[in-house]
Each structure stands twice: as C-alpha cells, then as structure tokens.
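Step one of this worksheet: look at the structure below.
Please treat every number below as a calculation from the coordinates, not as lab data. Note that the structure is a prediction, hence the values are computed from the model and not measured. Cβ sites come from the backbone with ideal geometry, for glycine too, and all protein chains shown count toward neighbours.
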Amino acid sequence: MPDLPIYLDNAATTKCDPRVVEAMLPYFTDVYGNAGSRNHAFGWAAEAGLDKAREQSAAIIGATPKEILFTSGATEGNNLAIKGAAYMHAKKPAGETGRGHIITALHEHKAVLDPCKRLQKEGFDVTYLEPGADGLITADMVKDAMREDTILVTIMWANNELGTINEIPQIGALCHERNAIFHTDGTQWVGKMPTDVVRDNIDLLTWSGHKIYGPKGVGALYVRRRRPRVRLTAQIEGGGQERGYRSGTHNISGIVGFGKACELCMQEMDDERERLLALRNKLETGLSKNLEHVQVNGHAEKRLPNIANISFGFVEGEGLMMAIKDIAVSSGSACTSASLEPSYVLKALGVGDDLAHSSLRMSMGRFTKEEEIDFAIEKITWAVNHLRELSPLYDMHLEGIDINSIEWQSH
Amino acid sequence: MAYSKELIEHYENPRNVGTFGKGNEVKERKDVGVGVVGAPECGDVMQLQILVDEATGKITDAKFKTFGCGSAIASSSLATEMVKGKSLDEAAQIKNTDLVEALSLPPVKIHCSVLAEDALRTAINDYRKKNGIEVEDHAHSH
C-alpha cells in the first residue's frame, strides 16, 4: 500500500527536487548580492551563480548561454515571445489594421491564446488552427495557413492536457523558408525530451522551472541569435537586465534552482523517459482492460511519456475525482467553473462534450512509484464502476438507448 | 474547495440509488412519477423517480440516478430523502435553497440544487399527468 495521497498531476506542477533546493539555499542568505552590482564581491558572487545557471539552461536545449533570458515562468515567456516578436515585426504602426499575420492553434495554452487575442484586437490577424482528432498540428496545416504577411507562428511542442507532440522541427523549417518567426511553448516538453533548438529550427522557446522539478516563479525564454537573429520588443522595462529584454532584479535563488533543475533533467532524462513510459502504458492498459468504454485521448504514439488523458464513458469527471480523493489528478470537466464548459482542448479535438466531461488527466513524474500506479488502477476501476451504478446514462446505454439521440432538456 | 461534512456523507453513502424499473416500464406505471433533467453536454443528468400511494396520495419511496459531480449526486440523494412520506403538494414545496442550506453548497454548485429541484418537480408533474391531476404551472426559468 503506497503512502496517500498520491500525486498524479505533474503536468500542473512538480515537487521541487531536494537537490535543487539545496543548490538554492546559499543564495538566500550567503550569496544575496544583486547580480547587477558590478563593483563589489557580493554582486560578483551572485553573477557567478547567474552565469552558471545560464549555461545549464542553455545546455539542455542546445543553445548558447547568451541566447537565454530568465523570466518569471512560461506565462511571462510566452507573452514576451509573442507580443515582443509581433510588435518588433509589425508591418504597420499601432492603431492600424493589417499589421501582420500570426498562426497558432485552438488548443494552445491560455498563456499563448490570450496574448494572440490581444494582438488581434490591436490590428494583427490571427489564424487558430484546428487540430486533427489525434490532437496533432502538422507542418502541412501550418503551410496551408501561411500567407505573404505571416510574421509569427506559435505552436506548442507538446500539449499540456493530452501530451500530444506537434511536428515542431518541420514547422520550424517551414517558418525559416518563409521568413516567419517560430515560437514554441516547450513547457511540457523541455526536461523530458531531447531538445536541440538548432536542429529543431526553433527561434523562440519558452519553458518553466516548476514543471521540471525546479522552483515556481522562474522560467526561461530562448531567443535565437544567429540565422536568423531574432529581436523582440521588451514588455517589462526598467533597469535593462537580460539584455534589455526583461528588466528587473534577478531572482537569483530561483534562477540558480532553475539551472540546477535543467542540469538534473539533462542527466536523468533518458532513463526517466523509459520509466515514465512504462508507467503510463501500465496505467492505460490496466484501465482499458478493467473497464469498458474507456477512451485514451490524443495520438496513440506521438505523446509525452508522462501524460495520460482518458475519458470514462457515462461518468462525470469531477464526480470521479471526488471518488478517488486519495489521488490528485485533473479533469477535463470544468464543473467547478460557472460556465459548465468542458475542456476547450478536448473540444478542439472533436471529443464530444459528454466524453470531455468524463475525462481525467493523469500525469506522472520523477517521484511517481509503480505501486502508486497499481493503486490508481485499482481505485479508478472501483470508482468508475461505482459511479456507473449511479449513472442514468449508463442505464440508458445498457437498455440500448443512444444518449446522443435524446432531446435533453438543457439548462 | 472544501465540501461540507453533510455533502461528503451523502456523496459517499448515497441514499435511494436506483429505479422502480427500466425506462419503458416506469413510463407505463401510474404509481411512479419520473423526472429526468440536465444534459450530458452540461456534465449533469439527474433522474428522480417517486413512488406514490394512490390511497393516501403520499410519496412512499423515491429513487435517483445521477451523472454529475459530487454536489449533484449529494443534492439528488438528499432530495430523495426529503420527499419520502410527503404528499405531492408538500414535496412540491421543497426548494433548491433547502438543499443548498442542508449541504452547504458553495456558490458555483448552486445549479446542482436547482437541477435537483427541477427533477423533483418534473417527477411530481409526471405523476400528476399520468393520473389526470391538474399540473401546477411552475415558473422556474434558467
């Protein structure tokens, strides 16, 4: 019997690795200088920590240290990349329309979608690509949406709800052919999967500390310096830190932790990937074997090794989460929000609203043990069977009634 | 969000789960009133059935089945408890606010109690229609 509760929500955030915390600690009390203080030992010591973290961060994505900007996390990184690139490359000044075309996808994270929506209001045109039923965005989809005035393409590397992996290197190559800037939100990808920004044709790459066993409140943005040299319009102005792209005193302890987290992921990634994939396969096959009407959402193979998004027919996701309260997961059912709208990501894939309401996202991580997966399979199987006994939809299904044929009295 | 003890108790030990027969059977039964409300797309479907004693006009038993979140399940479970032993008129007096209060439903879950009230009224009206009793108009707009 594993210790309870069990954490299967590593796509939301991860536990900070104790080795990361250890690396950070001196930077609170001993090395507390401002890295911008160039004239005394306190500042130099902080700067040394900063430089090391920049090297560690660059190494995990195959970049050079000068190409790394430290941010407060992926939300800030995405805002800076998208707005910064759009403003820098705008074809017309503020206040006019037709300022340039941007391509993104319907099931991107809100930290990408909302900056795109703002740019739309400010005179840019935005195309939101519809993924296939497998959740993927392909280079062909991007190609078909490209226009003469396309200035920026922003497509996430791996989706946060599904784990599906988009055709990033191919989309990057296409962008370089057409002279469009290519940004990818690598929040779920970096740290788990091998990354080489040069080989993979990335211009701008965002990632975050707290998804890779680092601290919250710190992340990085890669900005390519050669072929092409990418320039951005700063979004936070002030002291000119981070080459003027991101002002503000460095969060030195956070950045040191971020660097350490990158280093650890780089060292352990290959073994970890195998281990996580085995756990995910075990979870998915276990539940599919035990239960009928189970649907694994997203592409069968082109998926991260640690995310399983599964719909359990005739059972509502939030009710299911309550029945497995010893296991922390996420649900595609947004029953807690006032809107009653299920996951827009599953909706974008064409998963019916009923199955979207019935979905759980389970995400494994560095600290997930096999016995926890065994427990989860058992508990979820029990809970789904229990809730199906309570479900009028399951009765209707057993009686041979197609629930989609009923005229529901919706609210 | 933390749920109340009462809510969790009803969710974990739901009362009166079940039906008085399959869909087609209860449709024919004059002593059973059925209410099915909500929609799968909205993440909630409640089915409430009442068994009425023709002689006394009282609800002798009630059953529910619910597809929905914990609050929806608890609301319908509690509703079945509350109607037992009541006349149709008395049962029709039960308001969603009674459920909100008893289960301490948080604001985002008020709609679960509204749905349970609707299911109950629909079941009462179904019984009345089947037995030629005038159906009281209830103005419950959403």
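Data table
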quantity: 3J(HN,Hα) from dihedral phi, region A:366-375, Karplus parametrisation 6.51/-1.76/1.60, rounded to Hz, x for glycine, proline; calculated: 4, 9, 7, 10, 4, 5, 6, 5, 4, 4
quantity: Peptide B:32-41 - average C-beta neighbours from other chains (10 Å radius); calculated: 5
quantity: Residue order, fewest to most beta carbons within 10 Å, for A:128, A:222, B:11, A:32; calculated: A:32, A:128, B:11, A:222
quantity: Separation between Cα centres of region A:268-298 and region A:172-193, rounded to whole Å; calculated: 27
quantity: Rounded to 5, the percent of DSSP beta bridges in the protein assembly as shown classed as antiparallel; calculated: 65
quantity: Using a Förster distance of 41 Å, the FRET efficiency for residue B:97-residue A:243 (Cβ separation, nearest 0.05); calculated: 0.10
quantity: A:4, B:48, A:360 arranged by Cβ crowding within 10 Å, fewest neighbours leading; calculated: A:4, A:360, B:48
quantity: Exposure proxy order (Cβ contacts within 10 Å, fewest to most) of A:97, A:64, A:206, A:249; calculated: A:97, A:249, A:64, A:206
quantity: Over chain A: helical MRE at 222 nm, DSSP H runs n ≥ 4 each giving -39500 (n - 2.57), nearest 500; calculated: -12000 deg cm²/dmol
quantity: Selection from A:313, A:357, A:297 lying farthest towards where the dipole of region A:296-380 points positive, charges on Cβ; calculated: A:297
quantity: Separation between Cα centres of region A:36-83 and region B:53-81, rounded to whole Å; calculated: 60
quantity: Cα-based reach from residue A:66 at 25 Å (exclusive), listing lysines while leaving out same-chain residues under 8 positions away; calculated: A:52, A:83, A:192, A:211, A:216, A:260
quantity: Amide H contacts of residue A:152 (H built 1.01 Å from N, under 5 Å, at least 5 apart or other chain); calculated: A:101, A:103, A:181
quantity: Rounded to the nearest 20 debye, dipole of region A:107-226 from Cβ charges on Lys, Arg, Asp, Glu; calculated: 600
quantity: Cut-off under 5 Å, modelled amide H: who pairs with residue A:71 long-range; calculated: A:219, A:220, A:221
quantity: Chain B, dipole about Cα centre (Lys/Arg Cβ +1, Asp/Glu Cβ -1), debye to the nearest 20; calculated: 280
quantity: Inter-chain shielding of B:43-51 (mean C-beta neighbours from other protein chains, 10 Å cut-off); calculated: 5
quantity: Pairwise centroid distance, computed over Cα atoms, of region A:337-411 with region A:203-257, Å; calculated: 38
quantity: Expected 222 nm ellipticity per residue - DSSP helices of 4 or more, -39500 (n - 2.57), all of chain B, to 500; calculated: -13000 deg cm²/dmol
quantity: Listed residue (B:80, B:103, B:92) projecting farthest to the positive dipole end of region B:72-118, Cβ model; calculated: B:103
quantity: Among A:142, A:186, A:153 the positive-end extreme of the charge dipole of region A:129-216 (Cβ point charges); calculated: A:186
quantity: Sites residue B:5 and residue A:226 - FRET efficiency at Förster radius 41 Å, r taken between beta-carbons, to 0.05; calculated: 0.05
quantity: Between 0 and 90°, nearest 10: helix A:74-88 axis offset from chain A longest Cα axis; calculated: 60
quantity: Electrostatic dipole magnitude of region A:197-247 [Cβ: Lys, Arg +1; Asp, Glu -1; Cα centre; debye, to 20]; calculated: 260
quantity: Between 0 and 90°, nearest 10: helix A:41-61 axis offset from chain A longest Cα axis; calculated: 50
quantity: Gyration tensor verdict on chain A (Cα atoms; rounded if a/c is under 1.5, prolate if a/b is larger than b/c, oblate otherwise); calculated: oblate
quantity: Average beta carbon contacts from partner chains per residue of A:396-404, 10 Å cutoff; calculated: 2
quantity: 5 angstrom amide H check on residue A:331, placed H, neighbours 5+ away; calculated: A:361
